[in-house]
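Here's the structure we're looking at; comments come further down.
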Amino acid sequence: MTASSPPALSDNARLVLESRYLQRDDQGRLIETPAQLFRRVADNVAGAERAYGRDAAAFADQAYALMTRLEFLPNSPTLMNAGLGIQQLAACFVLPVEDSLPSIFDALKYTALIHQSGGGTGFAFSRLRPANDIVHSTHGVASGPISFMEVFDAATDAIKQGGTRRGANMAILSVDHPDIEAFVRAKADRQSLTNFNLSVAVTDAFMEAVEADGEIQLVNPRSGAAAGVRKARALFALIVEQAWEHGDPGLVFLDRINAANPTPQLGPIESTNPCGEQPLLPYESCTLGSLNVAKFVRDGDLDWERLGGAVETAVRFLDNVIDQNHYPAPQIERATKSTRKIGLGVMGFADLLCHLRVAYDSDEGLAWAARLMGFIQERAQGASQELGAERGVFPAWEGSIFGPEGPRYRNATRTTIAPTGTISIIADCSSGIEPVFAFALVRRHYLDREHRDRLVELPEMHEGLRAVAAAEGWWSDDLLRHLQQHGSLRAWGGAPEWARRVYVAAHEISAEWHVRMQAVFQDHIDNAVAKTINLPADASPADAADAYRLAWRENCKGITIYRHTARDKQVLSLAAPEADWR
């Protein structure tokens, strides 16, 4: 495909683009094609090149070629907003929530602006005084963090009616907060806080107390006074039980995150974005982009030279986004430009392994992960250093972990593994570093422009599997029905042994292998990894507990588990036999 060729899109990709991304006139009629969208984005982002004396048109052509070949896509707000009046291009934000009404409602105001433009927000509510604590100014009692989370949740419900996509939030509470049990149970009724992901910020000391059957001290954040003692294992068991029941809360290992904080002089990191892959300081934002690594397969290997060139273009693209972005608040612009964090990651990793005929849950799969991400990390670091020499280091570099003698990076962080939920549909590839959920499945997304709360079903067949099976002569209608029922080839005797080993669905992979894969990627990532540890429907709470412990031991920065069918509505599910295959 040449740079001027239109993108080769699946039917589902076109539906998603038409529903969310392509421009419409005042009557709601489409006035933009996918190729025009990519050209709009490329030209706008490349405009930053002019400030540095570079050829903006030449770089725009490079970026356009990567996007039209579906080899690289930036995060959704960049696709939606670049070149338009709104011009808010970042996906990830963290807003501070201090223990005062002005701070809380300032955060709510900025949340509204961010959600309206397609971004997601993370908050640490750990500084808020607990429920029933004293409020000296009114001689009353505090309502506590959860009551304010409910306010944010209700605001998100209202904003999503007029926004470009549904708002998403992350709420984090420290494990030693007096309201921690209420926080852990906050979504137990399956109706509350539906616009929030929840994570408990746990320390190494807490996890060590779990291992040793010790205790932890609760602390009132208002006064710093002791507020009770809890058995660590009992609290850990409650967290596990709730996560096993409905997927929340996850864990965030803040000690690990802050050990890797590139700018500790600016303060500690207390929260992440909604999916946990982007730890950020208060008011920071970050722009993400992902390489579809399956597109770089060549003759049973990767075209490493072409992949390296794509990494360098993507890093420059994401740095340009920081300059081209219109920020929702001056505090956000200052914090973001102080560190210039970007997050380049991957999607299509599971598809890559399938092309290579390598099992996801294997030592060879882990080795490929290390080789791939190690290469991308090295090239991203080199590209950021080149930008540092050309454009200058990020302003907070001098007091960072790199200054004054270390690498002169343009960007305080360079790499992230995002979930790529929607852009992987556009690219027609597996999401992030996740295994294939099922090789015949139905996606459910909010794509109905007239009824924003209505889920649209998108049947999807793994075309790589179908193509291989057809070419080798073992595709059949019976196999299709088997995939619709089971999602994988594991129990299909008509497929060769190698295929039954490689084409394995996410819930058939043990939690240990999920965590180990996350840990390998984390070893080669500046920020963090969005990864769901998929558990089968019959998994036990003990399986979830083992996954949480392993993630901590393997130096992950956080963990999220999900037991299949734990929620009434899932984004992904096995297909029905009558599905209209696209």
- [ ] Looking only at segment 295-307, decide whether some residue is surrounded by 24 or more Cβ atoms within 10 Å (Cβ to Cβ), in contact with a Leu (Cβ under 8 Å, 6 or more places away or on another chain) and outside any helix (DSSP H, G or I).
- [x] no
Task: Matching residues, segment 35-46, being open to solvent by 10 Å² or more (accessible area, probe 1.4 Å) and aliphatic (A, V, I, L, M) - done: 35
TODO: State whether one or more residues within segment 97-116 are within 19 Å of the chain's Cα centre (by Cα), at pLDDT below 95 and under 23 Å from residue 202 (Cα atoms).
DONE: no
Task: Answer from 36, 27, 87, 62 - the residue that is of a type in the set (S, T, N, Q) and closer than 30 Å to residue 329 by Cβ - done: 87
Task: Residues being open to solvent by 30 Å² or more (accessible area, probe 1.4 Å), outside any helix (DSSP H, G or I) and either touching a His at 6+ places or on another chain (Cβ under 9 Å) or hydrophobic (A, V, I, L, M, F, W, C) (or both) - total across segment 221-278 - done: 7
- [ ] Evaluate the following for residue 209: is it over 19 Å from residue 182 (Cβ atoms) and open to solvent by less than 20 Å² (accessible area, probe 1.4 Å)?
- [x] yes
TODO: Please state which one of 306, 230 is among the charged types (D, E, K, R) and in contact (Cβ under 8 Å) with a residue 12 or more places away in the chain.
DONE: 230
- [ ] List every residue pair whose Cβ atoms lie under 7 Å apart, where the two residues are 6 or more positions apart in sequence or sit on different chains, the first residue falls within segment 47-64 and is open to solvent by less than 70 Å² (accessible area, probe 1.4 Å), and the second residue, located anywhere, is among the aromatic types (Phe, Trp, Tyr).
- [x] 49/59; 63/317; 64/38
Task: Selection count, segment 567-582, where residues are part of a strand (DSSP E or B) and modelled with pLDDT of 65 or more - done: 0
TODO: For segment 489-521, enumerate the residues that are small (Gly, Ala, Ser), farther than 19 Å from residue 363 by Cβ and out of contact with any Phe, Trp or Tyr (no Cβ under 6 Å at 6 or more places or on another chain).
DONE: 491, 493, 499, 505
Task: Which listed residue is within 29 Å of residue 116 (Cα to Cα) and small (Gly, Ala, Ser), from 343, 300, 309 - done: 343
Open item on the list: open to solvent by less than 10 Å² (accessible area, probe 1.4 Å), farther than 21 Å from residue 337 by Cβ and not charged (D, E, K, R): is that true of residue 79 in this structure?
Closed with: yes
Task: Residue list for segment 308-345, restricted to those being open to solvent by less than 10 Å² (accessible area, probe 1.4 Å), β-branched (Val, Ile, Thr) and within 25 Å of residue 58 (Cα to Cα) - done: 311, 315, 321, 322, 342
TODO: State all residues of segment 167-203 that are open to solvent by 10 Å² or more (accessible area, probe 1.4 Å), assigned to a helix (DSSP H, G or I) and in contact with a Leu (Cβ under 9 Å, 6 or more places away or on another chain); if no residue qualifies, say none.
DONE: 181
TODO: Can you tell me which residue among 345, 365 is closer than 28 Å to residue 534 by Cβ, outside any helix (DSSP H, G or I) and not hydrophobic (A, V, I, L, M, F, W, C)?
DONE: 345
Task: Exclusive hit being in contact with a Ser or Thr (Cβ under 7 Å, 6 or more places away or on another chain) and either in contact (Cβ under 8 Å) with a residue 12 or more places away in the chain or not hydroxyl-bearing (Ser, Thr, Tyr) (or both), set 321, 297, 358 - done: 321
Task: Positions within segment 523-548 being without any contact (Cβ under 8 Å) to a residue 60 or more places away in the chain, under 21 Å from residue 416 (Cβ atoms) and not hydrophobic (A, V, I, L, M, F, W, C), in sequence order - done: none
- [ ] May I ask you to list pairs of residues, at least six apart or on different chains, whose Cβ atoms are under 6 Å apart, with the first in segment 257-270 being closer than 11 Å to residue 399 by Cβ and the second being in a helix (DSSP H, G or I)?
- [x] 263/339
Task: Count of segment 542-566 residues which are in a helix (DSSP H, G or I), crowded, with 19+ Cβ neighbours inside 10 Å and of a type in the set (A, V, I, L, M, F, W, C) - done: 6
Open item on the list: Testing residue 283 on (1) surrounded by 24 or more Cβ atoms within 10 Å (Cβ to Cβ); (2) within 22 Å of residue 168 (Cβ to Cβ), one condition comes back false. Which one is that?
Closed with: (1)
TODO: Scan segment 151-172 and give yes if some residue there is farther than 30 Å from residue 455 by Cα and without any contact (Cβ under 8 Å) to a residue 60 or more places away in the chain, otherwise no.
DONE: no
Open item on the list: So for segment 384-405 (the condition being open to solvent by less than 10 Å² (accessible area, probe 1.4 Å), closer than 30 Å to residue 565 by Cα, modelled with pLDDT of 95 or more and in a helix (DSSP H, G or I)), does at least one residue qualify?
Closed with: no
- [ ] Could you figure out which of (1) outside any strand (DSSP E or B); (2) closer than 28 Å to residue 518 by Cα isn't true of residue 334?
- [x] (2)
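The values are calculated or read from the model by the stated rules, or taken from the named source; none is laboratory data. Quick caveat, the model's predicted, so the values are computed rather than measured. Ideal geometry is used to build each Cβ from the backbone, glycine not excepted, and the neighbour counts take in all protein chains shown. All accessible areas refer to the heavy atoms of the entire protein, side chains included, with ligands and DNA or RNA removed. Shrake-Rupley method; radii C 1.70, N 1.55, O 1.52, S 1.80 Å.
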